[in-house]
Structure formats: structure tokens, C-alpha cells
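Below is one structure, written out as C-alpha cells; comments come after it.
No value in this document is a laboratory result; all are computed from the given coordinates. Only a predicted model underlies this, so the values are computations on that prediction, with no experimental measurement involved. We place every Cβ from the backbone using ideal geometry, glycine too, and count neighbours over all the protein chains shown.
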Amino acid sequence: MLSLAESQWVSAHRSILIVGPTGVGKTFVACALAQAAIRQGHTGLYLRAPRMLQDLGLARGDGRLPRLMTAWAKVSVLVIDDLALRPLTAEQAADLLEVIEDRYQLRSTIVTSQLPISDWHGALGEPTIADAILDRLVHNAHRIELRGDSLRRPPEPDGRALAGTGDGPDATQTPSERGRPEKPRAEKPVEPR
């Protein structure tokens, strides 16, 4: 992960695919990698996939599609967040293919999804278009699979997170119960009166 923060993948025009369940930090990691690339002098743009696909449909209707596609094709790092939350229509899949094709081996793309990569084909619409999208995205991509419980889970009244069902240690355990020393708490000095 540390080597990705150096952003050499951007210069090599490689993609990053980040998958995992809701709330494990996919968007955070994607945005952190994009921000690291921006700090190295690259440009970046964040788009949520559902809104991106909606914008493409609207741009087609009002004649802005070529300008929009050209603008996105020039961005060094395009983050497409939450791909395939629901199956794509044939038109959405074709639009996604055009976005990916315009960037293929010319720019870098970060894609996040809750679906495992092995399930993307079925969610990307018509099989021929899905094949073309995956061929361009997957073959030269770094893959990151995040696991665990949602980081958005609200704490219980006693201050501990609700018990989880993920692969990691039980979130209700204290650090010492998990075999880690507890971090010392910084206490604010009391001013004499």
C-alpha cells in the first residue's frame, strides 16, 4: 500500500480496483491515493458511479457529452466510487465503456465497489460490453480487497463499538483483551486557582 502512495502507478497508467463491504474504507483509501497523486503534480477527479452515469445520460441529451468525455479523459486520476451498486442498463454500460476506453493505457482510474471483482461481469450489463470493460480495467490493475466490519457502526452507550461479524477481532473487546497494550490517555493539566 505504501508503494501506491508514491503514485508511480499514475505515471505507468495503471488502475486500482478497491473492493470490500460497506463502511470498511474503500472511498477513504481511493481518495487518499488520489490525493497523494495530486501532491505529486497529477490531476484528480472524484465521481460517484451512479451520479457519473446519470450525468453522462443528461449530457447526451443536451449535447454536452463530447465535451464532458474529453474533460474526464484529460484527468490523470479518475476515481469512480461505488461501481455496480445495482446492475447497469445497456446504455449505462456502453457509457462506462467509453469512459474506460478513453483512459485505457493513457490515464489512471481508481474504481471502488462492494462487489467482488469476480461478480462485476454480471453487474455490468450486456456480456460483450462487460467483457470489454473488464478487459481494460482488470488486466493491468492493482487490486485491494478490504475486509472487516463497518467503521460507521455507532458506538454502544458504554463507548465501545457494537459487536461485529467480520473477520477481525471482536469490536467490543478492549485493546488489552485483543492482546494489545492500551494507549495512554492524555490528560489535560489542571490549572491551580
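What the table below lists for this structure:
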{"quantity": "Residue count, region 96-122 (criterion: outside any loop (DSSP other than H, G, I, E, B) and either closer than 24 Å to Val10 by Cβ or of a type in the set (Ser, Thr, Tyr) (or both))", "calculated": "17"}
{"quantity": "Per-region count, region 124-151, residues under 28 Å from Leu2 (Cα atoms) and of a type outside the set (A, V, I, L, M)", "calculated": "11"}
{"quantity": "Thr22 being in contact (Cβ under 8 Å) with a residue 60 or more places away in the chain and farther than 23 Å from Asn140 by Cα", "calculated": "yes"}
{"quantity": "The listed residue being in a helix (DSSP H, G or I), exposed (fewer than 15 other Cβ atoms within 10 Å of the Cβ) and of a type outside the set (Val, Ile, Thr), out of Ala32, Ala73", "calculated": "Ala32"}
{"quantity": "Some residue of region 132-142 being under 19 Å from Leu47 (Cβ atoms) and either touching a Cys at 6+ places or on another chain (Cβ under 6 Å) or in a strand (DSSP E or B) (or both)", "calculated": "yes"}
{"quantity": "Residues that are touching a residue at least 60 places away in the same chain (Cβ under 8 Å) and under 17 Å from the mean Cα position of the chain (by Cα), drawn from region 104-133", "calculated": "Arg107, Ser108, Thr109, Ile110, Val111, Thr112, Ser113, Gln114, Leu115, Pro116, Ile117"}
{"quantity": "Criterion violated by Gly41 - all others in (1) at negative phi; (2) over 13 Å from the mean Cα position of the chain (by Cα) satisfied", "calculated": "(1)"}
{"quantity": "Residue, surrounded by the fewest Cβ atoms within 10 Å (Cβ to Cβ), within region 102-125, restricted to residues that are closer than 14 Å to Asn140 by Cβ and of a type in the set (Val, Ile, Thr)", "calculated": "Ile117"}
